[in-house]
Structure formats: C-alpha cells, structure tokens
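Undergrad: Got a structure here, written out as structure tokens. Questions coming.
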Amino acid sequence: MKRLIPLLACLGLVAACTHPAAAPASPQVKLTPQADRVRVEIDGRHFTDYVWGDGASRPYCYPIFAADGTPLTRDFPMKPTPGEDTDHPWQRSLWFAHSMVNGVDFWNEGTGDIGRSPKEKGRTVTEGAVEIASGATGIIRTHVRWVAPDGRLICTDDRTIRFHATATGRFIDFEVTLHAPPETPLLFGDNKDGTMALRVAQWMTMPHKYKGKLLPGDGHIVTSTGFRDAAAWGRRAAWCDYHAPHNGKVYGVAIFDSPQNLRHPTWWMARDYGLFGANPFGRHDFENLKDQPHAGDHTVPAGGSLTLRYRFYFHEGDETAAGVAAQYADYAAGK
C-alpha cells in the first residue's frame, strides 16, 4: 500500500497537468442597433458607435474610448468641447473617404474655417446594416452608395467592420470592397486627401498652428520605418502610430495597412494637428512629383472591384510599450 501512494500521487499530478485551468474568456462585444447607428460595447463598457444616419456626408465611428473610458478621438463636429480646434469639420473621428473618385470629392464637405469655398461634395449613403452580430468579435456589414452632387451613382461598396479586444487593447478591423458600375470604370485620382483616416483627441496632437497661433502638444507620430513626427508625412510604411501622455498615462492608436492592399506599404497622410490616414492614391503629392500629377491614379475597370483592409489598434503606452510591431506581425499573418 505504501508503494501505491507515490504512484497515485504521480497519477494525480499527471491528471492535473492534463486538465489545466480554463483560459480567461475572451472579451465579449455587444452590438445594439439604434435609429441612426450601432452602439458597440466591450464587456459592458462603451467602445464606439458606428454612425450613418445623423445627416453627415459619410458614416463614421464616434466616440472611441480606451478600455478605461478615455476618449481617443476629437469631439468636433459631433459635439462642442471647450478648447478643441474646429478646423476641417469633415474629419469625423474615424472614417473612410477619398477626394477624387471619378472627379467627385468625397473627402471634403466644403464648409469650415480654412477658407475653402462651400462647393457641394459627394455623399456616401449607407443603406442600413445588412448584418449585425455580437460575440467575441462584433461584426457590422453594410452596403453603401457613393453619390455625386447631381445624384449620379459613382460606385457602391460593401464594408465589414469588426470590433474585438485583448488584454493589450481594443481593435477595429475595417474591410471595404468598392464596386465600379457595370458600364463605367472607376478612377481614384492622385490626391493627398484620403483615405482610411482618424482624427485624434486634442490632447494627443503635436505642437501645431491654429488660426495663426502656435498651440502646444505632447503627441508623437512614428512609422514602422522609423520616421517620426513631421518627417512621417508622405512616407510609405506598413503601420503608423500616434500617441501622447494624458492624465499620467500614455495612450495611442496605430493604423495597420494590410499586406494585401493596393500599393502596400501605403503612404501616410500624417499631420501635427491630429489627422493621420493611409492613402494609396496620393503618390504625386507625397513624393513631390510635380511633373507627374497622375502618378497615384488607380482605375478599377467597369464591373470590377477593389478591396482594402485596415486595422486600428487602440492601446496604452508608446509604440514600443504597446508592442505595435508585434501586433502588426500578427495582423499580417492573418490573426
């Protein structure tokens, strides 16, 4: 019997080793349809809303919160917040648009305080949510029409937006497939104003000029290729990160360009005042090719399509502390 005790103990240890404690449950994403948007919650806490029916010229995600409730994008023009810049009112938190699509401007809205004329622009009109699913990953699928000021249909898109989280941060995966009409090619013109973009919160900006005054800022921009701050504008890179300290912590957001995307690695429209975006169509602007104004043009043949994919990583810490490079490697590997 004494000989059996050690044996039984070993068998118990083996059983314990073969039945490890269950892994922590994945954060759960709850999507709640509302009149003009879908509310997104992660483990019961508000993450963002996907808004399409409030009269804006395009759908967008707003607000966007870190896991601790810190707002990470600008409030304007969705709501007034003291101390915020009120430039570029078409830069609504997180959005997808481009300034030259078959000659129509879908990026600007023609209003604001930067001296542009109030010329009417194109609109991207969402035809409701085709599919909404909650779970470890929340999924919204929609169909969108790109409409010129005169009512002409320029193109359509089908987009899938996924929301998920891990212990390191929160994520939005944005996939859009743009469809050229059956009878007309679809031209994305070479212009810096585009395309998959985000406007960070005021406290995350770098020092910048606004209405003739130099405003302070503690933000930093860094690309996967090592360009920082002002030097990041117009550079090509697999990812770009914007971060800053706030209330004793550092917060940031990175945008990942999928290796499957057109002209990967993309060019970055990264500005000191808080805008940054991935733009595969702005080559002549970004590379200063003044004698090649159409170097970045891309034509989708009639009846054809173009798919673009991006991931937003909302994190704490700078790009090193947040492991942005490792997170991008996982994204590139399909994780």
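The values are calculated or read from the model by the stated rules, or taken from the named source; none is laboratory data. Computed from a predicted model, the values in this text were never measured in an experiment. All Cβ positions, glycine included, derive from the backbone under ideal geometry; neighbour counts span all protein chains shown. Surface accessibility is based on the protein's heavy atoms, side chains included, excluding ligands, DNA and RNA. Shrake-Rupley method; radii C 1.70, N 1.55, O 1.52, S 1.80 Å.
Undergrad: Could you tell me the relative contact order of segment 107-220? Use alpha-carbon pairs under 8 Å, at least six residues apart, and round to a whole percent.
TA: 14
Undergrad: Determine the sum of side-chain charges near Ala133: Lys and Arg each +1, Asp and Glu each -1, restricted to other residues whose C-beta is under 10 angstrom from that of Ala133.
TA: My count for the surroundings of Ala133 gives +1.
Undergrad: Right, next: At 1.4 Å probe size, with the rest of the protein present, what percent of the exposed accessible area of the chain is carbon and sulfur atoms?
TA: 56
Undergrad: Can you give the accessible area per residue of the chain, in Å², using a 1.4 Å probe?
TA: Per residue, the chain has 45 Å² of solvent-accessible surface.
Undergrad: Hey, another quick one. What is the sum of charges around Ala148, taking Lys and Arg as +1, Asp and Glu as -1, for the other residues whose C-beta is under 11 Å from the C-beta of Ala148?
TA: My count for the surroundings of Ala148 gives +1.
Undergrad: Which FRET efficiency, nearest 0.05, do Ala329 and Ala167 yield, Cβ-Cβ r, R0 25 Å?
TA: For Ala329 and Ala167, the calculated efficiency is 0.90.
Undergrad: Still on this structure: Once the other residues with Cβ under 14 Å from the Cβ of Val176 are scored (Lys, Arg +1; Asp, Glu -1), what is the net sum?
TA: +2
Undergrad: I would also like to ask the following. Taking a probe of 1.4 angstrom, what is the accessible area of Met100 in Å², to the nearest 10?
TA: Here the accessible area works out near 70 Å².
Undergrad: Quick one, what does Rg over Rh come out to for segment 158-293 if you take C-alpha atoms and the Kirkwood Rh?
TA: 1.01
Undergrad: Any idea what the dipole of the chain comes to, in debye rounded to 20, about its Cα centre with Lys/Arg Cβ at +1 and Asp/Glu Cβ at -1?
TA: I would put it at about 660 debye.
Undergrad: I'd like to know how segment 146-197 sits against the 2.2 N^0.38 Å rule of thumb: what's its Cα Rg over that expected value?
TA: 1.56
Undergrad: Which one of Pro63, Pro207, Ala136 is farthest out on the positive end of the charge dipole of the chain, using unit charges on Cβ (Lys, Arg +1; Asp, Glu -1) and the Cα centre as origin?
TA: Ala136
Undergrad: On a full-extension model of 0.36 nm per residue, what is the gain between Ala302 and Asp218, subtracting their alpha-carbon distance, rounded to one decimal in nm?
TA: Using 0.36 nm per residue and subtracting the Cα-Cα distance, I get 25.6 nm.
Undergrad: Mind pulling the angle between the C-alpha long axis of helix 4-18 and the longest principal axis of the chain? Nearest 10 degrees, somewhere in 0 to 90.
TA: Roughly 10 degrees between the two axes.
Undergrad: Normalising by the residue count of segment 177-252, find the relative contact order in percent from Cα pairs under 8 Å and 6+ residues apart.
TA: Relative CO of segment 177-252 lands at 21 percent.
Undergrad: Evaluate the Kirkwood expression for the hydrodynamic radius of segment 51-160, namely the inverse of the mean inverse distance over all pairs of different C-alpha atoms, and round to one decimal in Å.
TA: Kirkwood hydrodynamic radius for segment 51-160: 15.5 Å.
Undergrad: Whole Å is fine, so just give me how far the alpha carbon centre of segment 20-87 lies from that of segment 137-178.
TA: 15
Undergrad: Specify which residue in the list Leu306, Pro265, Gly323 is farthest towards the positive end of the charge dipole of segment 264-335, using unit charges on the beta carbon of Lys, Arg (+1) and Asp, Glu (-1), about the Cα centre.
TA: In segment 264-335, that residue is Leu306.
Undergrad: Over the chain, what is the mean sequence separation of C-alpha contacts under 8 Å (at least six apart), divided by residue count, expressed as relative contact order in percent?
TA: 15
Undergrad: Shifting gears a bit: Using a 1.4 angstrom probe with every protein chain in place, what is the largest-first accessible-area order of Leu153, Leu187, Leu215, Leu308?
TA: Leu153, Leu187, Leu215, Leu308
Undergrad: OK, next. Given 4 °C and 1.567 mPa s, compute D for segment 97-197 with the Stokes-Einstein relation, Rh being the Kirkwood radius over Cα pairs; round to the nearest whole µm²/s.
TA: In µm²/s, the coefficient rounds to 84.
Undergrad: With every protein chain left in place and a probe of 1.4 Å, what is the accessible surface of Lys249, to the nearest 10 Å²?
TA: Taking all protein chains as shown, Lys249 has close to 70 Å².
Undergrad: If you don't mind, another one. Note down the nm distance, to one decimal, between modelled labels 7 Å out along Cα→Cβ at Arg123 and at Asp43.
TA: 4.1
Undergrad: Then there's this: Quick check: residue separation of Gln34 and Thr86 times 0.36 nm, minus the Cα distance between them. What number comes out in nm?
TA: 16.0 nm
Undergrad: Tell me which label goes with the value of Kirkwood radius over Cα pairs in Å computed from the coordinates here: (i) 20.2; (ii) 21.7; (iii) 21.2.
TA: (iii)
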